[in-house]
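The values are calculated or read from the model by the stated rules, or taken from the named source; none is laboratory data. Computed from a predicted structure; not experimentally measured. Note that we place each Cβ from the backbone using ideal geometry, even for glycine, and neighbour counts take in every protein chain shown. Please note that ligands, DNA and RNA were not included when accessible areas were found on the heavy atoms of the full protein model with its side chains. Shrake-Rupley method; radii C 1.70, N 1.55, O 1.52, S 1.80 Å.
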Amino acid sequence: EYLSTHPLTDHRQASLEASLTYTPVQYYRMDGERKRYVKSDYPTFQLLYRRGILDESASQYTLLKAASWKRWDLGFLSELWYKVEGGTFLNSKKLQLPDFYFPKVDYTMVTLQPTKQSFHLIPFYRFATPGWFVEAHSLYEADNIIIKQLPFFKGTVFTENLYLSYYNTKALRNYVEVGYGIDKIWVLMEVKAIVGFEDGKYRSWGISISINRSE
């Protein structure tokens, strides 16, 4: 819908990006004379600044974004993690579509990529934005959450995942996806069911199958 106010045109573009990433109280081990960082009990924080810098560019803009993420190892085949980021564009009147903010989306039912930080029920480009945005993803993975409590499945090797994702911008308000997945089927496949809500109202549901070649 933004292409009426931000039409696609031929243009030249260069941009400058700088970011600062900080993890408090990060422990390390000495590997010879070098430090090898291993963990921290605190989240990682990031500030990002990006600016279009060509005078003749159709996309002179400024993007300011902040993010935080953390993973907790809860023991055998169990983990909890989250990532949240938010930001806004300044001077974005002539911003071109390639420089919009795109939420992380995997809109295909079957994919050969990990999808643990993706939305599944919104189209790839429709809710990209030249304005403000907030995006968050979280996962709880464990050896026995629901199905593996049943006697028939005890001793099997798959894990279960619970997902919660959030996106908020001008064109899609307070969008939430809740998902349940069975992971590590035959070591490398996950099947999950997802339900989407917009501003507290049911929007859609779907199934995702991913072949997790790598994390």
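In plain terms, the chain from Met109 to Leu80 could stretch by 8.0 nm, reckoned as 0.36 nm per residue minus the Cα-Cα distance.
With the convex hull constructed from alpha-carbon coordinates only, region 42-198 shows a mean projected area of 10.9 nm² over all directions.
The listed residues Phe76, Phe153 rank as Phe76, Phe153 when sorted by accessible area, largest first, using a 1.4 Å probe.
Binning the C-alpha pair distances of region 1-117 at 10 Å intervals from 0 yields a P(r) profile of 11, 27, 29, 22, 10, 2 %, listed from the shortest bin outward.
Measuring max minus min along each principal axis, the C-alpha atoms of region 171-215 give extents of 37, 16, 10 Å (largest first).
Which entries of Lys170/Lys192; Lys154/Lys192; Lys35/Lys184 have Cα-Cα distances beyond 25 Å here?
On the way: Lys170/Lys192 28 Å; Lys154/Lys192 20 Å; Lys35/Lys184 34 Å.
As for pairs spanning more than 25 Å Cα to Cα, those are Lys170/Lys192; Lys35/Lys184.
On average, how much accessible surface per residue is there in the chain, in Å², for a 1.4 Å probe, leaving out ligands, DNA and RNA?
On the way: 12990 Å² over 215 residues.
Ligands and nucleic acids excluded, the figure is 60 Å² per residue.
Among 130-137, 84-91, the peptide with the highest mean count of other Cβ atoms within 10 Å heads the list, and the full ranking is 130-137, 84-91.
The Cβ shell under 14 Å around Gln46 holds other residues with a net charge of +1, Lys and Arg each +1, Asp and Glu each -1. Over all distinct Cα-Cα pairs of region 126-199, the Kirkwood formula returns a hydrodynamic radius of 14.0 Å. Taking every alpha-carbon pair in region 113-167 and binning the separations at 10 Å intervals from zero gives 18, 37, 25, 14, 5, 0 percent. First compute the accessible area of the chain with a 1.4 Å probe, then give the percent of it belonging to carbon and sulfur atoms. For the chain, the apolar C and S fraction of the accessible surface comes to 59 percent. Averaging the sequence gap over all C-alpha pairs within less than 8 Å and six or more residues apart, then dividing by the number of residues, gives the chain a relative contact order of 15 percent.
Normalised by the number of residues in region 89-215, the mean separation of alpha-carbon contacts (under 8 Å, six or more apart) gives a relative contact order of 24 percent.
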